[in-house]
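K.L.:
Take this structure first; my questions come after.
The values are calculated or read from the model by the stated rules, or taken from the named source; none is laboratory data. This one's a predicted model, so the numbers in the text were calculated from it and none came from an experiment. With ideal geometry, Cβ positions are generated from the backbone for all residues, glycine too; neighbour counts draw on all protein chains shown. In case anyone asks, the SASA skips ligands and DNA or RNA and just uses the protein heavy atoms, side chains included. Shrake-Rupley method; radii C 1.70, N 1.55, O 1.52, S 1.80 Å.
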Amino acid sequence: MDSATPTVLLQFLSYKSALQNCSKNTVSEYELDIILFFRFIIANRCGKLDELDTISIDEVDEDFIAGVRTDEVYAYLLYLTNVRGNKANSRARRLSAIKAFYKYHTAKSHIIKVNPVADIEAPKLPKTLPKFLSLEESKKLLESVDRSSPTFERDYCILTFFLNCGMRLSELVGINLTDINDSMTMLTVIGKGSKQRIVYLNDACRRSLIDYLSVREKNAHERGRTIPVTEKNALFLSSRNQRVSD
């Protein structure tokens, strides 16, 4: 969010963040999806779809969002399909963001009276089996970690956690030392919406975690920097002794 973000969008994002306790990543995704929608409406109305990514949304206000028509939303979904090549999952997510935005402004802020997306159905999603690595592929992935790298233990531990714990990227980078119990058998993970869940660490996770923790402090000092107080609790550290980023 920045000063260029329209007030009607800022109000919605603040609601999702402060009252619905959505994560920073989720709020950012809402913002990007709705800004793309605004740009399409403006570009489509003035015949400048080829310039969509540079279209200013300064004109977006209460009157603008109240004036969006249902047929324009359908045109946007068609644009996502034919021009952007978005699959059903992506279109459903983008439509969900628009629906949440208009639901807020009709039911909460009461800025508008008519919701142009209320009756639009989400794209039918194909039923697919989860994608996963075979045992051999998992072994090859772990074997690919460079053992001569100063970050070998960290990188190996990260991959081991991904392969065994079923956690999201944002959940992994957010792990704190205090999220792990003393026996290193359980890990508290903070998921979407700040929901907590317990992940049980198997032998492979425990071994890789112990190996990493044994060199975590040593590697930090060898890089010629102390770990900042603000990062002391972060499990996975970058080469700058800061919490690893996404």
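K.L.:
Give the stretch 201-235 a look and list any residue that's within 12 Å of ARG154 (Cα to Cα), of a type outside the set (A, V, I, L, M) and modelled with pLDDT under 95, or say none.
P.N.:
Within the stretch 201-235, SER214, ARG216, GLU217, ASN219 meet the criteria.
K.L.:
I'd like to verify a number: residues in the stretch 136-178 that are open to solvent by 60 Å² or more (accessible area, probe 1.4 Å) and within 16 Å of ASN202 (Cβ to Cβ), how many?
P.N.:
6
K.L.:
Please note which helices (runs of 4 or more DSSP H) are completely contained in the stretch 1-104 and include at least 3 residues that are surrounded by 12 or more Cβ atoms within 10 Å (Cβ to Cβ) and among the β-branched types (Val, Ile, Thr).
P.N.:
Those helices (runs of 4 or more DSSP H) span 24-45, 70-82.
K.L.:
Another question, then. Given the conditions (1) under 30 Å from CYS22 (Cα atoms); (2) free of Cβ contacts under 8 Å to residues at least 24 places away in the same chain, which single one is not true for SER149?
P.N.:
SER149 satisfies every listed condition except (1).
K.L.:
Here's another thing I want to ask about it. Which of the residues spanning the stretch 169-194 are out of contact with any Cys (no Cβ under 9 Å at 6 or more places or on another chain) and in a strand (DSSP E or B)?
P.N.:
Matches in the stretch 169-194: ASN176, ILE180, MET186, THR188, ILE190.
K.L.:
Filter the stretch 217-246 for residues that are part of a helix (DSSP H, G or I), more than 27 Å from the chain's Cα centre (by Cα) and touching a residue at least 12 places away in the same chain (Cβ under 8 Å); which is farthest from MET167 (Cα to Cα)?
P.N.:
In this case the residue turns out to be GLU222.
K.L.:
Can I ask one more? Could you please let me know if LEU213 is within 25 Å of the chain's Cα centre (by Cα) and aliphatic (A, V, I, L, M)?
P.N.:
Values: within 25 Å of the chain's Cα centre (by Cα): no; aliphatic (A, V, I, L, M): yes.
No.
K.L.:
Six or more apart or on different chains, Cβ under 7 Å: which pairs go from a residue in the stretch 190-201 that's under 26 Å from LYS16 (Cβ atoms) to one that's open to solvent by less than 30 Å² (accessible area, probe 1.4 Å) and of a type in the set (Lys, Arg)? Could you list them?
P.N.:
Close Cβ pairs (under 7 Å, with a partner that is open to solvent by less than 30 Å² (accessible area, probe 1.4 Å) and of a type in the set (Lys, Arg)) do not exist here.
K.L.:
Additional query: So SER214 passes all but one of these: (1) out of contact with any Ser or Thr (no Cβ under 6 Å at 6 or more places or on another chain); (2) buried (at least 16 other Cβ atoms within 10 Å of the Cβ). Which condition number does it fail?
P.N.:
Of everything listed in (1) out of contact with any Ser or Thr (no Cβ under 6 Å at 6 or more places or on another chain); (2) buried (at least 16 other Cβ atoms within 10 Å of the Cβ), SER214 misses just condition (2).
K.L.:
Can you tell me which residues in the stretch 179-190 are open to solvent by less than 70 Å² (accessible area, probe 1.4 Å) and charged (D, E, K, R)?
P.N.:
If the condition is that a residue be open to solvent by less than 70 Å² (accessible area, probe 1.4 Å) and charged (D, E, K, R), then ASP179 is the only one that fits.
K.L.:
How many residues does the stretch 144-162 hold that are modelled with pLDDT under 95 and part of a helix (DSSP H, G or I)?
P.N.:
Residues that pass the stated criteria total 1.
K.L.:
Is it the case, given these coordinates, that GLN242 is under 23 Å from SER23 (Cβ atoms) and surrounded by 12 or more Cβ atoms within 10 Å (Cβ to Cβ)? Spell out the reasoning first.
P.N.:
Working: under 23 Å from SER23 (Cβ atoms): yes; surrounded by 12 or more Cβ atoms within 10 Å (Cβ to Cβ): yes.
When the stated conditions are applied, GLN242 passes them.
K.L.:
Does ALA107 qualify as being in contact with a Ser or Thr (Cβ under 9 Å, 6 or more places away or on another chain), open to solvent by 40 Å² or more (accessible area, probe 1.4 Å) and among the hydrophobic types (A, V, I, L, M, F, W, C)?
P.N.:
Details: in contact with a Ser or Thr (Cβ under 9 Å, 6 or more places away or on another chain): no; open to solvent by 40 Å² or more (accessible area, probe 1.4 Å): yes; among the hydrophobic types (A, V, I, L, M, F, W, C): yes.
For ALA107, the condition - in contact with a Ser or Thr (Cβ under 9 Å, 6 or more places away or on another chain), open to solvent by 40 Å² or more (accessible area, probe 1.4 Å) and among the hydrophobic types (A, V, I, L, M, F, W, C) - is not met.
K.L.:
Would you mind stating whether THR70 is closer than 24 Å to LYS124 by Cβ, modelled with pLDDT of 95 or more and not charged (D, E, K, R)?
P.N.:
On the way: closer than 24 Å to LYS124 by Cβ: yes; modelled with pLDDT of 95 or more: yes; not charged (D, E, K, R): yes.
Yes: the conditions hold for THR70.
K.L.:
I would also like to ask the following. Go through (1) assigned to a helix (DSSP H, G or I); (2) farther than 21 Å from THR151 by Cβ; (3) of a type in the set (Lys, Arg) one by one and return the number of the condition ARG197 breaks.
P.N.:
All conditions pass for ARG197, except number (1).
K.L.:
Now for a separate question. How about the stretch 191-200: which of its residues are modelled with pLDDT of 90 or more and open to solvent by 50 Å² or more (accessible area, probe 1.4 Å)? Full working, then the answer.
P.N.:
Looking only at the stretch 191-200, we keep the residues that are modelled with pLDDT of 90 or more, and these are 197-200.
Passing the criteria: ARG197, ILE198, TYR200.
K.L.:
Follow-up. Considering only residues that are small (Gly, Ala, Ser) and touching a Leu at 6+ places or on another chain (Cβ under 9 Å), look in the stretch 119-143 and name the one that is nearest to ALA92 (Cα to Cα). Working first, answer last.
P.N.:
Residues of the stretch 119-143 small (Gly, Ala, Ser): 122, 134, 138.
Checking which are touching a Leu at 6+ places or on another chain (Cβ under 9 Å) leaves us with 122, 138.
Working: ALA122: 5, SER138: 31 Å.
The selected residue is ALA122.
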